[in-house]
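Working notes, structure below.
The values are calculated or read from the model by the stated rules, or taken from the named source; none is laboratory data. Bear in mind that the values here come from a model prediction, so they are computed numbers and not experimental data. Glycine also receives a Cβ, built like all others from the backbone with ideal geometry; neighbour counts cover every protein chain displayed.
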Amino acid sequence: MPDIFIQNLALLEKRWPSLADLLRQESAELNVTLVKGLSSTLAVDGIQLSSRHDRIKEACQQMTAIPKVPEIHLYGIGLGDLPRELLNRTELQKLHIHVLNESLFGLILHLLEQNDWLADPRVTLHMASEYKDIQLPFFAIPAELFLATDGNAKIRDRLVAEIEQPYVNQRFNPKNPELLDRIEQNILLLKSDPDVATLFDSYKGKEAFVLASGPSLELHYLKLLEIRKRQDRPVFIALDTALRPLMANGIEPDFVISIDPHITSTHFPDLIPDSIKLIYFPLAQNQTLVNWHGKRYAAYSQSAIYDEVYQRFPKARFYSSGSVLHPAVDFAVHLGVKNITLFGADFSYPRNKTHSGWGDGALGEPVAAAKHWVLNGNGERVKTLLNFRSYLCALERYIAYHPEVQFYNTSRIGAFIDGTLFHPEFVK
């Protein structure tokens, strides 16, 4: 056993014995290469752990993005440079370091002396998976976001979603003239269409089926059709892109939710029964709304883009963080239901398909564009997109905020959704 590792491990055994035991048992082999530049670094699976030219300068640059506060959470260790530099801050009282890859941490302890910062009483080591959610304020080592292990994937996903959020918010800049013009086009409808709040608590104590258009939806058509015919049945709430495949299989939802400014009438079936009600946000295309012959109900999200129009025409505001699934679920909760069962909420491309009832790439990125992964209900990696992972994180947080409602998932082939149970009637 190398002397460097013995010294590093001795400190772990003294301060974090359970983590030391974990590293002893960790046997995963890493694909490690030496990368040379003006200096050198290591790459794991082709991902450089640091700059190959000047590691210390890189760590100092990263520190500019970390607030000077008494307590910081650092996700990943890198080669140990950033923990060391952070501990030079006199105002820092606690540095929590969250391990995202056990094997990688063990490798670094074998190769480089880390006993200086490991011995610092201000440092506490954690496995990232010890926490249900990310801790703030934080900084994440970029390379380790790519190298996180399966057990730490949920925290990895939430870190990435948090980092991306400012860029996502730019899409709905409240001063964007195109978006403001779209809202203005729908002013007459907002004046005449009822507030969705008039529907709240109308299904109190009952059950809701929320129908998304993920690939697993098609596994349940026959069962959904049979349940739809029952006298005492759950309320069916469909996402806009799920309406076409549902109707093609004879399944008529009670409500359809549409919020995306890119959805047009061409995304809907040619014939839609007047009995289906539409819940919409005013960024929806005006012609799409006008063409809807059933009853319409207006709503807003909490986005600042709706603040001004909300003052003029108050309507209920739903939770929304990028996906139409979010307001659909929030709507179901406001209906007063006690159980919500999710169909087609896959947040991924299981079986190399993007959606039920739609061709590859017809509703966004094709399967070939899915360069990331998420764990499914069987604990397997399945292809996904970064925005899908962000939507999943947002839904999981929403579920955690609503313990009064029982959430069920109906498929193991799509993303595992924390906070849900697998529905015994639908998941075999």
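Among the residues of the stretch 143-162, count how many are surrounded by fewer than 16 Cβ atoms within 10 Å (Cβ to Cβ) and within 20 Å of residue 95 (Cβ to Cβ).
Count: 0.
Yes or no, residue by residue, for (1) surrounded by 22 or more Cβ atoms within 10 Å (Cβ to Cβ); (2) touching a residue at least 60 places away in the same chain (Cβ under 8 Å); (3) assigned by TED's automatic domain parsing to the domain that holds residue 263:
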| residue | (1), (2), (3) |
| --- | --- |
| 348 | yes, yes, yes |
| 361 | no, no, yes |
| 365 | no, no, yes |
| 368 | no, no, yes |
| 371 | no, no, yes |
| 379 | no, yes, yes |
| 382 | yes, no, yes |
| 394 | no, yes, yes |
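Return the residues of the stretch 108-133 that are over 17 Å from residue 72 (Cβ atoms) and either of a type in the set (A, V, I, L, M) or assigned to a strand (DSSP E or B) (or both); say none if nothing qualifies.
Residues satisfying the conditions are 108, 109, 111, 112, 119, 127.
Are any residues in the stretch 47-79 touching a helix residue (DSSP H, G or I) at 6+ places or on another chain (Cβ under 9 Å) and among the hydroxyl-bearing types (Ser, Thr, Tyr), and if so, which ones?
Listed by number, the residues that qualify are 50, 51, 75.
Could you tell me which of the residues 77, 141 is of a type outside the set (S, T, N, Q), within 27 Å of the chain's Cα centre (by Cα) and under 24 Å from residue 397 (Cβ atoms)?
Just one listed residue meets the conditions, 141.
When both residues are 6+ apart or on different chains and their Cβ atoms are under 6 Å apart, which pairs have a first residue that lies in the stretch 257-276 and is closer than 15 Å to residue 183 by Cα and of a type in the set (Ser, Thr, Tyr), and a second that is buried (at least 19 other Cβ atoms within 10 Å of the Cβ) and at pLDDT 90 or above?
Once the first residue is closer than 15 Å to residue 183 by Cα and of a type in the set (Ser, Thr, Tyr) and sits in the stretch 257-276, its partners that are buried (at least 19 other Cβ atoms within 10 Å of the Cβ) and at pLDDT 90 or above give 258/240; 258/280; 258/284.
Based on this model, can you work out whether residue 365 counts as assigned to a loop (DSSP other than H, G, I, E, B) and under 21 Å from residue 235 (Cα atoms)?
no
Between a first residue in the stretch 319-341 that is closer than 11 Å to residue 398 by Cα and at pLDDT below 95 and a second residue that is among the aromatic types (Phe, Trp, Tyr) and surrounded by fewer than 23 Cβ atoms within 10 Å (Cβ to Cβ), which pairs have beta carbons less than 9 Å apart while being 6 or more apart in sequence or on different chains?
If the second residue must be among the aromatic types (Phe, Trp, Tyr) and surrounded by fewer than 23 Cβ atoms within 10 Å (Cβ to Cβ), the pairs left are 321/391; 321/398.
Please verify whether the stretch 80-89 includes one or more residues that are modelled with pLDDT of 95 or more, in contact with a helix residue (DSSP H, G or I) (Cβ under 6 Å, 6 or more places away or on another chain) and under 22 Å from residue 129 (Cα atoms).
Yes, some residue in the stretch 80-89 is modelled with pLDDT of 95 or more, in contact with a helix residue (DSSP H, G or I) (Cβ under 6 Å, 6 or more places away or on another chain) and under 22 Å from residue 129 (Cα atoms).
Can you find, within the stretch 239-256, the residue that is nearest to residue 304 (Cα to Cα) among those that are in contact (Cβ under 8 Å) with a residue 60 or more places away in the chain and in a strand (DSSP E or B)?
239
Out of the helices (runs of 4 or more DSSP H) lying entirely within the stretch 167-238, which hold 2 or more residues that are closer than 27 Å to residue 345 by Cα and assigned by TED's automatic domain parsing to the domain that holds residue 362? Steps first, answer last, please.
Numbers: elements: 177-185, 187-192, 221-228.
Answer list for the stretch 167-238: 221-228.
Filter the stretch 277-301 down to residues that are in contact with a Phe, Trp or Tyr (Cβ under 7 Å, 6 or more places away or on another chain) and of a type in the set (A, V, I, L, M, F, W, C) and give me whichever is surrounded by the fewest Cβ atoms within 10 Å (Cβ to Cβ). Can you show your working first?
To start, the set of residues in the stretch 277-301 that are in contact with a Phe, Trp or Tyr (Cβ under 7 Å, 6 or more places away or on another chain) comprises 277-279, 281, 289, 296, 298-301.
Then drop every residue that is not of a type in the set (A, V, I, L, M, F, W, C), which leaves 278-279, 281, 289, 298-299.
On the way: 278: 23, 279: 24, 281: 26, 289: 19, 298: 25, 299: 25.
Within the stretch 277-301, the match that is surrounded by the fewest Cβ atoms within 10 Å (Cβ to Cβ) is 289.
From the residues in the stretch 311-342 that are among the hydrophobic types (A, V, I, L, M, F, W, C) and assigned to a loop (DSSP other than H, G, I, E, B), which one is farthest from residue 184 (Cα to Cα)? Steps first, please.
Here is the first cut: in the stretch 311-342, the residues among the hydrophobic types (A, V, I, L, M, F, W, C) are 313, 316, 318, 324-325, 328-329, 331-333, 335, 337, 340, 342.
In the following step, the residues that additionally are assigned to a loop (DSSP other than H, G, I, E, B) were identified as 313, 316, 324, 335, 337.
Details: 313: 12, 316: 18, 324: 21, 335: 29, 337: 34 Å.
For the stretch 311-342, the residue satisfying everything is 337.
In the list 38, 19, 9, which residue meets the criterion of being modelled with pLDDT under 95, under 29 Å from the mean Cα position of the chain (by Cα) and in the same structural domain as residue 124 (by TED's automatic domain parsing)?
Criteria check complete, one pass: 19.
Looking at the stretch 109-122, which of the residues that are crowded, with 21+ Cβ neighbours inside 10 Å and among the aliphatic types (A, V, I, L, M) is farthest from residue 12 (Cα to Cα)?
109
Return the pair list, or none, for Cβ contacts closer than 8 Å from residues in the stretch 402-427 that are within 13 Å of residue 375 (Cβ to Cβ) and assigned by TED's automatic domain parsing to the domain that holds residue 345 to residues that are buried (at least 22 other Cβ atoms within 10 Å of the Cβ) and basic (Lys, Arg), at least 6 apart or on different chains.
Partner pairs satisfying both residue conditions: 418/154.
Exactly one condition in (1) in a strand (DSSP E or B); (2) among the aliphatic types (A, V, I, L, M); (3) surrounded by 22 or more Cβ atoms within 10 Å (Cβ to Cβ) is not met by residue 375; state its number.
It is condition (3) that residue 375 fails.
If I go through the stretch 282-311 residue by residue, how many of them are under 15 Å from residue 322 (Cα atoms) and either of a type in the set (A, V, I, L, M, F, W, C) or not assigned by TED's automatic domain parsing to the domain that holds residue 237 (or both)?
4
Please find, among 274, 270, 260, the residue that is in the same structural domain as residue 345 (by TED's automatic domain parsing), more than 26 Å from residue 366 (Cα to Cα) and surrounded by fewer than 21 Cβ atoms within 10 Å (Cβ to Cβ).
Being in the same structural domain as residue 345 (by TED's automatic domain parsing), more than 26 Å from residue 366 (Cα to Cα) and surrounded by fewer than 21 Cβ atoms within 10 Å (Cβ to Cβ) holds for just one of 274, 270, 260, which is 274.
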